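Enquirer: Below is a structure I'd like to ask you about.
Please treat every number below as a calculation from the coordinates, not as lab data. Values in this document were obtained by computation on a predicted structure and should not be read as measured data. Virtual Cβ from ideal backbone geometry, glycine too; neighbours counted across all protein chains shown.
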Amino acid sequence: MDTARLPDPAAAERLRADCGNCFGLCCVALAFARSADFAADKKAGEPCRNLAADHRCGIHADLRTSGYAGCTVYDCFGAGQQVSQVTFGGRDWRGAPDGGRAMFAALPLMRQLHELLWYLAEARTLRPAAALHREVDRAQDRIEALTRRDPAGLLTIDPAAERAAVAGLLRQVSEAVRSQVPGRRKDRSGADLVGARLKGAALRGAGLRGALLIGADLRDADLRLADLLGADLRDTDLRGADLTGALFLTRSQLNAARGDARTVLPSALPRPAHWPA
Ligand code: SF4
């Protein structure tokens, strides 16, 4: 019997950034250095100069043309609204006795937990990995419980340990899915492929987990069912590439890459707004 279930729409929604229910935390808590992605330096805990009093970005529609492309790549996986509305019960960092320090410390921790939930939610939809779904459920329940901790409880979490605990399970899920691909599958997990010329490469079902693909040319490549968990896709050229069923790909990775109207994406992921139509 096929025990796979459809993605839970409420869970999927919870893992999407909802800036209207967040106090602009990523625009305050995180540090960034002046670079091609950020037009100015900013220390952690210091509000970005473009952050308005209503917690909205004053240049939201013009981020890329204003030198803040990095902001369009960042994805909190819904951690911002969880910290704002659940962990801190809707209390704004502005006016908090500690100046918001506890909230700012909570955000990166929560983001890492939500990212793991994103991967687990995807794993739960993959029918070839149905034999692992009960284990996936248990991992989801455990991480969900961590996200409900109070501020002090959150700070005791070791995100690296949580990531390591889930990594093996996700690897098994990936293997179960990619074993459906006939023939020999390439494994370039963790490989340094910066700037690699891979135009038209046959990478169906390949292991590209953690691979450095910065600036790589993957135009027209066959990346169907490739495992891209944690792959660095900054400036990777995906024009014309086929990513149907690609595993553990995130909005953030796509937003950092280049694509076009011919790029075929996994059904759950939206086409980045800045890609040409
Ligand atoms: S530029 Fe806008 S989105 Fe980026 S950190 Fe500043 S306020 Fe936030």
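Enquirer: Only Cα pairs under 8 Å and at least 6 apart count here; give the relative contact order of the chain as a rounded whole percent.
Expert: Across the chain, relative contact order equals 12 percent.
Enquirer: Could you tell me how many degrees, from 0 to 90 and to the nearest 10, lie between the Cα long axis of helix 133-147 and the main elongation axis, the longest principal axis, of the Cα atoms of the chain?
Expert: Around 20 degrees separate the two axes.
Enquirer: To continue, here is another question. Applying the Karplus parametrisation 6.51 cos²θ - 1.76 cosθ + 1.60 with θ = phi - 60° to the phi angles of the stretch 159-170, what ³J(HN,Hα) value in whole Hz is obtained for each residue in order, glycine and proline being reported as x?
Expert: Computed from phi, the couplings for the stretch 159-170 are x, 5, 5, 5, 5, 5, 5, 8, 4, x, 5, 5 Hz.
Enquirer: Rg/Rh for the stretch 172-218 to two decimals, with Rh computed the Kirkwood way over all alpha-carbon pairs.
Expert: Taking Rg over the Kirkwood Rh, I get 1.00.
Enquirer: Oh, and also: Only bridges with both residues in the chain count here: give the DSSP antiparallel percent, nearest 5.
Expert: Looking only at bridges with both residues in the chain, the antiparallel portion is about 15 percent.
Enquirer: Defining a contact as two alpha carbons under 8 Å apart and six or more residues distant in sequence, what relative contact order in percent does the stretch 183-272 show?
Expert: 23 percent
Enquirer: Using a 10 angstrom cutoff on alpha carbons, build the Gaussian network for the chain and name the most mobile of Glu175, Glu115, Glu46.
Expert: Result: Glu46 has the largest fluctuation of those listed.
Enquirer: Under the definition of Cα pairs under 8 Å and six or more residues apart, what whole-number percent is the relative contact order of the stretch 40-124?
Expert: Result for the stretch 40-124 is 26 percent.
Enquirer: How big is the equivalent ellipsoid of the stretch 8-118 along its three axes, where each semi-axis is √(5λ) from the Cα gyration tensor, reported in whole Å from largest to smallest?
Expert: Semi-axes, largest first: 22, 18, 13 Å.
Enquirer: Another question, if that's okay. Across the stretch 183-272, how large is the tail of the calculated P(r) beyond 23 Å, expressed as a percent of all Cα pairs?
Expert: Beyond 23 Å sits 7 percent of the P(r) for the stretch 183-272.
Enquirer: Same structure, new question: Pick from Gln82, Gln172, Gln253 the residue whose mean-square fluctuation is largest in a GNM of the chain, springs joining Cα atoms under 10 Å.
Expert: Comparing Gln82, Gln172, Gln253 in the GNM, the peak value goes to Gln172.
Enquirer: Could you work out the Kirkwood radius for the stretch 87-150, taking every pair of different alpha carbons, averaging 1/r and inverting it, reported in Å?
Expert: Over the stretch 87-150, the inverse of the mean reciprocal pair distance is 13.5 Å.
Enquirer: At what distance in nm do the modelled label points of Ala11 and Ala202 sit from each other, each positioned 7 Å from its Cα along Cα→Cβ?
Expert: Going from the Ala11 label point to the Ala202 one covers 3.6 nm.
Enquirer: Fewest to most neighbouring Cβ within 10 Å: what's the order for Leu107, Leu146?
Expert: Leu146, Leu107
Enquirer: Residues with beta-carbon under 11 Å from that of Ala216, excluding Ala216: net charge, scoring Lys, Arg +1 and Asp, Glu -1?
Expert: Taking every other residue near Ala216 into account, the sum is +1.
Enquirer: Rounded, prolate or oblate: pick one for the stretch 95-241, where a ≥ b ≥ c are the square roots of the eigenvalues of its C-alpha gyration tensor, a/c under 1.5 means rounded, and failing that, prolate if a/b is larger than b/c, else oblate.
Expert: oblate
Enquirer: With springs only between Cα atoms under 10 Å, which of Ala256, Ala167, Ala206 fluctuates most in a Gaussian network model of the chain?
Expert: Ala167
Enquirer: Same structure again: Percent of Cα-Cα pairs per 5 Å bin, from 0 to the last occupied bin, for the chain, please list those.
Expert: In order of increasing distance, the bins hold 1, 5, 12, 16, 16, 17, 14, 10, 6, 2, 1, 0, 0 percent.
Enquirer: Something else now. Compute the acute angle (0 to 90°) between the alpha-carbon long axis of helix 101-123 and the principal axis of greatest extent of the alpha-carbon atoms of the chain; round to the nearest 10°.
Expert: 20 degrees
Enquirer: Taking just the alpha-carbon atoms of the stretch 26-70, what radius of gyration and Dmax come out, in angstrom?
Expert: Gyration radius and largest Cα-Cα distance of the stretch 26-70: 9.9, 27 Å.
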